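What follows is one structure encoded as structure tokens, with my remarks underneath.
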Amino acid sequence: MRSIIPILTVVAAIFAIWFVGSFFMNKQWTLDQAERAGTTLSFSEVLADTMTQERPKLPTPIQVFDELWETTGAKVLDGKAMSKRSLIYHGWITLSSTLVGFVIGTLAGILLAVGIVHNKAMDMSVMPWAIASQTIPILAIAPMIVVVMNSIGVQGLLPKAIIAAYLSFFPVVVGMVKGLRSPNAMQLDLMKTYNAGQFETFWKLRLPSSMPFLFTSLKVGIAASLVGAIVAELSSSPLAGFGGRMLSGSYYGQTIQIWSALFAAAIVAACLVGIVGVIQQLTLKKMGMAQ
Amino acid sequence: MGGGVSQATVIEAKNLDLTFQTNDGPVHALKDVNLQINKGDFVSFIGPSGCGKTTFLRTIAALETPTSGTLTVNGMSAEEARKNRAYGYVFQAAGLYPWRTIAGNIKLPLEIMGFDKAEQNQRVERVLELVDLAGFGNKYPWQLSGGMQQRASIARALAFDADILLMDEPFGALDEIVRDHLNEQLLKLWDRTNKTIGFVTHSIPEAVYLSTKIVVMSPRPGRITDVIESTLPRERPLEIRDSAEFIEIAHRVRDGLRAGHDDNA
């Protein structure tokens, strides 16, 4: 609770800068319009106009949150929550490919990490490729994945989920390799004195020891997964999801729509990371490993 | 001296040598080690750091492999003995799993060795009682003091009924008072279970108080300089440490350590 005042201060500062920015960026259009109409405007008239333009260069926070409400809460009240003009509909599209991609990416990441820890050949060969995979710009590879999958008849959610998985598996691999290797020499020797096999050492020692590392990776992974899903939506048709909203907004100069989709995506990301964080706390507390 | 216990040889090392290859060149950790440990012996290994006492214990446990020489444990090679789960090993740190209760930690070796559930519970009860932790089975490690945690780790090593107990400075990290108490308890436990115990320490009083046989070692290269058979009775109250006999044995240990030190000077 003590942190609430600093947080509010920063938020207030951001909004203040944002309003000032809106005024200066939108001012020129207002003045041009007035000049063309042959009128001169007082400062207060200019200020009022910059805050309420239909296609501002930089929409004000009020316009963005108005749009957010119009496309979410207001739609629910109208009973049109899943209409194509509703951000809830688009959010669900993004969220579903994010979650499917996150699950695929997490499983793939854990499997790769298990292989890397137990197999010397995989240790030497997989890690460089995993790192290389992350140096390829996702924006370049996403359309190719969509096209390739489309040509073999896979459409809809799966290609987007795979792009999401492509971004989210990496932090899981890195975290889990570190986590599975976290038991110290003494703990491994102890298992050896019991003549425990690799499977038992994995199941009873390595896997439980890796949990704090896994959750840290999952937090990064789920946010990366959302980014992947949005990038995938920029190159898939029909235009839908947060990515689709941003793209169509930029086609038609609907800056308010772009910004509201951006904010909605940020809110969803924060919620997802928050949910993983809560599960992390509960699990680690139950395991006696809470920091 | 060993009481009325049978004198069967449990551990025997002949001309044992161990050299570690490190980046700074070879390190001669054990040189020409000859030792015989009989059933029911309480053997302490004492010496300055780097004398190979822990290495020798780890070699008995087949956690290190000797470069040359022979080592038999229960009449077989150390590796076979490890696979037959011939010994329980207690490390310097308790190393309990934080995600398991005390009972769960003690069950760890039992699960790996495939004991059934009823047998597991029965054994947990028995060893908890042996180390004086009855009723603490459901507690988590963090709820216990350091001394209690180390007792739990001894219980874990006792749970599967190995005849040999190897202990690597198990009380090194504990304070003097707790240590005295645990030493007393360990002697009682040894008396009740008649196990063969190998015990690494760097404390002279601890070694003299506990042991039937004290192995004095010295470093560079790690070797045995003296083996002292204790003349103290099997029954040892803490006060025995003030007796003339005790002090005399402690003297001999100290002389052995000094001689090993002077060789290097």
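For residue B:107, which aspartates and glutamates qualify as cross-link partners when the Cα separation must be under 14 Å and same-chain residues fewer than eight apart are set aside?
A:200, B:116, B:119, B:125, B:161
Taking Rh as the Kirkwood radius computed over C-alpha pairs, what is the Stokes-Einstein D of the range A:4-58 at 10 °C in a medium of viscosity 1.306 mPa s, expressed in µm² per second? Could the numbers behind the result be given before it?
Values: Rh = 12.3 Å.
Approximately 129 µm²/s, per Stokes-Einstein.
Normalised by the empirical 2.2 N^0.38 Å for globular proteins, what value does the Cα Rg of chain B take?
Values: Rg = 18.4 Å, N = 265, 2.2 N^0.38 = 18.3 Å.
Rounded to two decimals, the normalised Rg is 1.00.
Mind checking the mean number of beta-carbon atoms from other chains within 10 Å of the Cβ atoms in A:192-204? Could you put the intermediate results ahead of the total?
On the way: counts 5, 16, 13, 10, 5, 1, 0, 0, 4, 1, 0, 2, 5.
Partner-chain Cβ atoms within 10 Å, mean over residues of A:192-204: 5.
Peptides A:110-117, B:252-259: what's the order by average Cβ count within 10 Å, highest mean first?
Values: A:110-117: 20.1, B:252-259: 16.9.
Highest mean packing first, the order is A:110-117, B:252-259.
Would you compute, for the Cα atoms of the range B:98-161, the largest minus smallest coordinate along each principal axis and list the three values in descending order, in whole Å?
Answer, in whole Å and largest first: 30, 23, 17 Å.
For the range A:1-98, rounded, prolate or oblate, judged on the Cα gyration tensor with a ≥ b ≥ c (square roots of eigenvalues), a/c < 1.5 rounded, else prolate if a/b > b/c?
Numbers: a/c = 2.87, a/b = 1.43, b/c = 2.01.
Judged from the Cα gyration tensor, the range A:1-98 comes out oblate (a/c at least 1.5, b/c at or above a/b).
Among B:175-182, A:98-105, A:210-217, how do they line up from the highest to the lowest mean number of other beta-carbon atoms within 10 Å?
A:98-105, A:210-217, B:175-182
Remind me, relative contact order of the range A:4-58 in percent, using alpha carbon pairs under 8 angstrom and six or more residues apart?
Details: 25 pairs, mean separation 23.5, N = 55.
Over the range A:4-58, the number comes to 43 percent.
Just list whichever of A:204/B:31; A:120/A:160; B:83/B:117; B:31/B:188; B:39/B:188 have alpha carbons separated by over 28 Å in the model shown.
A:204/B:31; A:120/A:160; B:31/B:188
Averaged over peptide B:97-109, how many Cβ atoms belonging to another chain are found within 10 Å of each residue's Cβ?
Details: counts 10, 7, 9, 4, 1, 0, 0, 0, 0, 0, 0, 7, 6.
Partner Cβ neighbours, averaged per residue: 3.
Mind ranking B:39-46, A:230-237, A:162-169 by how tightly packed they are, going by the mean number of other C-beta atoms within 10 angstrom, highest first?
Values: B:39-46: 24.2, A:230-237: 22.0, A:162-169: 27.4.
In descending order of packing, they fall as A:162-169, B:39-46, A:230-237.
Return an integer: the convex hull volume of the alpha-carbon atoms of the range A:176-291, in Å³ per residue. All intermediate terms of the calculation are to be shown ahead of the outcome.
Details: hull volume 14.0 nm³, N = 116.
Measuring per residue, one finds 121 Å³ for the Cα hull of the range A:176-291.
Ratio of alpha-carbon Rg to the 2.2 N^0.38 Å globular estimate for the range A:87-286, to two decimals, please.
Numbers: Rg = 19.4 Å, N = 200, 2.2 N^0.38 = 16.5 Å.
Relative to the 2.2 N^0.38 Å estimate, the range A:87-286 comes out at 1.18.
Over all residues in B:85-96, what is the mean tally of Cβ atoms on other chains that come within 10 Å of each residue's Cβ?
Details: counts 3, 2, 1, 2, 6, 2, 6, 1, 3, 0, 6, 1.
Mean shielding count: 3.
By counting other Cβ atoms within 10 Å of each Cβ, how are A:246, A:122 ranked from fewest to most?
Values: A:246 22, A:122 15.
Placing the least packed residue first, the sequence is A:122, A:246.
What list do you get for A:65, B:246, A:242 if you sort them by fewest beta carbons within 10 Å? It would help to have the intermediate numbers written out before the result.
On the way: A:65 14, B:246 19, A:242 27.
The fewest-first ordering by Cβ neighbours comes to A:65, B:246, A:242.
Read the figures in this text as sums done on the coordinates, not as results from a lab. Since we're looking at a predicted model, the values are computed, not measured. In this analysis, Cβ positions are derived from the backbone assuming ideal geometry, glycine residues included, and neighbour counts consider all displayed protein chains.
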